[in-house]
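First the structure, in the form of structure tokens, and then the observations on it.
The values are calculated or read from the model by the stated rules, or taken from the named source; none is laboratory data. Note that the structure is predicted; figures quoted are calculated from it, not measured. Using ideal geometry, Cβ is built from the backbone for each residue, glycine included, and neighbour counts are taken over all protein chains shown. We work out accessible area using only protein heavy atoms, side chains counted, and drop any ligands, DNA or RNA first. Shrake-Rupley method; radii C 1.70, N 1.55, O 1.52, S 1.80 Å.
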Amino acid sequence: DWLALSACPVTCGTCGCTDSDTWLYKGKSGKSCDYVAKKPSKYCDSEDDDGTTAGEACPMTCGNCGCQDSLTWLYKGKSGKDCDWMKKKTSKCSKYKDKDGTKAKEACPVACGEC
């Protein structure tokens, strides 16, 4: 997945989309976008000392570039009901929302066949 996104930025819609090389989770050394990549669903909403979220600073890692499924979206906030789960329920993509009201078809465009 990630290799294709990096190797084919035009096709994948990721041109100009890169992770920050200065952002650090809570300002802690060694907790960069690479750290976030270990558990994006846990860390993409985390902030640095300035209040910038990992999702903003690490868009490639957090699935916020071009046509990518979100790594943090969960149907009604329920564990395990993510974009991979939505692949089996594509008829519900326009209806199912996360706890913030974001529809699956917006957060999971690949799983829902939107791109």
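Ligands, DNA and RNA aside, Leu71 has an accessible area near 60 Å² when probed at 1.4 Å.
For the chain, carbon and sulfur atoms together expose 45% of the accessible surface, with a 1.4 angstrom probe and every protein chain in place.
Are there any GluC sites (Glu not before Pro) in the stretch 9-106 that are in a DSSP loop and have at most 14 other Cβ atoms within 10 Å? List them by number. In loop regions of the stretch 9-106 (DSSP not H, G, I, E or B), there are no sparsely surrounded GluC sites (Glu not before Pro). Converting phi to 3J(HN,Hα) with the Karplus coefficients 6.51, -1.76 and 1.60 and the offset θ = phi - 60°, the stretch 68-84 yields 10, 6, 5, 9, 10, 5, 9, 4, 6, x, 8, 4, x, 9, 9, 5, 4 Hz in sequence order, with x at every glycine or proline. Accessible surface for the chain, divided over its residues, is 61 Å² per residue with a 1.4 Å probe.
Each principal axis of the Cα cloud of the chain was taken in turn, and the coordinate range along them, longest first, works out to 44, 31, 19 Å. With contacts taken as Cα pairs under 8 Å at a separation of at least 6 residues, the stretch 21-85 carries a relative contact order of 23 percent.
Not counting the cut sites, what is the longest span of the chain without trypsin sites (Lys or Arg not before Pro) that DSSP labels loop and that have at most 13 other Cβ atoms within 10 Å?
Numbers: sites that count: Lys28, Lys76, Lys78, Lys95, Lys99.
In the chain, the maximal stretch lacking such sites is 29-75.
Scanning residues 5 or more positions from Tyr96 or on other chains, those with amide H under 5 Å from its amide H are Ala104, with H placed 1.01 Å from N in the peptide plane.
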